[in-house]
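Step one of this worksheet: look at the structure below.
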Amino acid sequence: ITSMHMDRQNRLWIGHGARCLSLFDPGTRSLRTTEIPPPLPTPRVREHITFIDEDADGVLWLSTFRGLVRFDPRVGEPEPIMLHIPPGEPGHASVFHIRGIVDEDTALVFGTWSEGIFRMRKSDGTLRLLWPDAGHVPTMVDHLVTNMCRLPDGMIMVATIDQGLLQLDPRSGVVSHFDRSLREQDSRRSEPLFAGCYRLLALPEALVMG
């Protein structure tokens, strides 16, 4: 099992194995499975769902090792999203190893493994890089986003392996370190409050970190 999500109708969705999204039926303890082809060419051992998010319309957004898939349970057919960055904008070297998603009505904000945080327009898959700056070159050993969640006040918290806990203001698009003693350039060499975290869970009055 690589990901799980309880939807607004209290149905449990499970990402597992290669290309599998399953709806769990607690009455029969059985799974109804849909194949989710990867949106971009992906090694077979990496063809799994890394994160599941649900928007206000009940649509599931599935992050994968390379790319994003839209899945409407009412239709039952996966829809690969053709992600693209406008000419002249940063981020063209990205393969979109997506590790966390937050819904914003007409847009999604998602984090990636070493490539940054992007805002995506749902209507056509157009992307804008929010973090880090335009000069960032993905190395796969830094800027490693692992999870994201929204707090009750609307702020978005971002878990990373090497940058500690980040805070994203969705109104301004500004990303900052939750631990203000950290700096992007030397976070690995400092002695931070959080060297890194992997999973986040937002509760009404607290944020749980793993």
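The values are calculated or read from the model by the stated rules, or taken from the named source; none is laboratory data. Just so you know, these numbers come straight off a predicted model, no measurement behind them. Glycine also receives a Cβ, built like all others from the backbone with ideal geometry; neighbour counts cover every protein chain displayed. SASA here: full protein model, heavy atoms, side chains in, ligands and nucleic acids out. Shrake-Rupley method; radii C 1.70, N 1.55, O 1.52, S 1.80 Å.
Summary of values
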quantity: Correct option for log10 I(q)/I(0) by the Debye sum over Cα atoms at q = 0.08, 0.14 Å⁻¹ [calculated from the coordinates] among (i) -0.37, -0.88; (ii) -0.29, -0.92; (iii) -0.27, -0.83; calculated: (iii)
quantity: Extension gain, Thr2 back to Met155 (0.36 nm per residue minus Cα-Cα distance, nm); calculated: 52.5 nm
quantity: Solvent-accessible area, 1.4 Å probe, carbon plus sulfur percent, for the stretch 128-184; calculated: 54
quantity: Projected area averaged over orientations for the stretch 70-137, convex hull of C-alpha atoms, nm²; calculated: 4.9
quantity: Simple spin-label estimate for Arg11 and Ser176 in nanometres, 7 Å along Cα-Cβ; calculated: 4.1
quantity: Solvent-accessible area per residue, Å², over the stretch 24-125 with all protein chains present [probe radius 1.4 Å]; calculated: 47
quantity: Rg/Rg_ref, the stretch 1-59, where Rg_ref = 2.2 N^0.38 Å and atoms are Cα; calculated: 1.17
quantity: Cα gyration tensor, the stretch 114-161 - rounded (a/c under 1.5), prolate or oblate; calculated: oblate
